Amino acid sequence: VTASALVMNLQTIVSRIVSPLEAGVVSVTMMSAGDAFNVIPSVATIRGTIRALSTEMLLSLRDRVSHMVSTTSEMHRCNYTLTYSPDYYPPTVNDPELFNSFSKNVGKLLSKDWIDDIEPTMGGEDFSFFGEAIPS
């Protein structure tokens, strides 16, 4: 019951806390509990992902998830262990000036189909670490 309540509560974070002018996603992508249909499990494992278009929003969502796990567990009188990957993936943000310069200069050598200015997405990728260290 607690695991189900937590999943439902986590789904309210973005709709109730995040401004509609900002972007964020909290997804529960795995839930596991017990191995028999007629025994109430004593442990449940829930996993998921948090994504945002800014590091500030990403860290804010992490804080909200931590708070939701704590309060839901307390309400149901359960213990919990919450862990995050130590190397969360920050959003990938391309430098607008470099993009414009690339499009103008290198774009002359390429077909127009090879250069796209796309809307931001919530994908997580390793390139975000490069972009934080060196404008890309």
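For segment 13-33, the set of residues classified as of a type outside the set (A, V, I, L, M) and touching a residue at least 12 places away in the same chain (Cβ under 8 Å) consists of Glu22, Gly24, Ser27, Thr29, Ser32, listed by residue number. Looking across segment 16-59, the residues that are at pLDDT 90 or above, of a type in the set (Ser, Thr, Tyr) and either out of contact with any strand residue (DSSP E or B) (no Cβ under 9 Å at 6 or more places or on another chain) or open to solvent by 50 Å² or more (accessible area, probe 1.4 Å) (or both) come down to Thr29, Ser32, Ser42, Thr45.
Answer yes if at least one residue in segment 71-94 is within 29 Å of Ala133 (Cα to Cα), in contact with a strand residue (DSSP E or B) (Cβ under 7 Å, 6 or more places away or on another chain) and among the aliphatic types (A, V, I, L, M), and no otherwise. Within segment 71-94, not a single residue is within 29 Å of Ala133 (Cα to Cα), in contact with a strand residue (DSSP E or B) (Cβ under 7 Å, 6 or more places away or on another chain) and among the aliphatic types (A, V, I, L, M).
Of all the residues in segment 90-134, those that are modelled with pLDDT of 75 or more, polar (S, T, N, Q) and surrounded by fewer than 13 Cβ atoms within 10 Å (Cβ to Cβ) number 4. Restricting attention to segment 61-84 and to residues that are hydroxyl-bearing (Ser, Thr, Tyr) and open to solvent by 80 Å² or more (accessible area, probe 1.4 Å), the residue that is nearest to Val18 (Cα to Cα) turns out to be Thr83. Residues in segment 1-15 that are open to solvent by 90 Å² or more (accessible area, probe 1.4 Å) and either part of a helix (DSSP H, G or I) or touching a Pro at 6+ places or on another chain (Cβ under 9 Å) (or both): Met8 only.
Taken over segment 34-93, the residue count meeting the criterion of being among the aliphatic types (A, V, I, L, M) and part of a helix (DSSP H, G or I) is 8.
The values are calculated or read from the model by the stated rules, or taken from the named source; none is laboratory data. These numbers come from a predicted model, not from an experiment. Neighbour counts run over all protein chains shown; Cβ positions are idealised from the backbone, glycine included. Just so you know, the surface numbers come from the protein's heavy atoms only, side chains and all, with ligands and any DNA or RNA stripped out. Shrake-Rupley method; radii C 1.70, N 1.55, O 1.52, S 1.80 Å.
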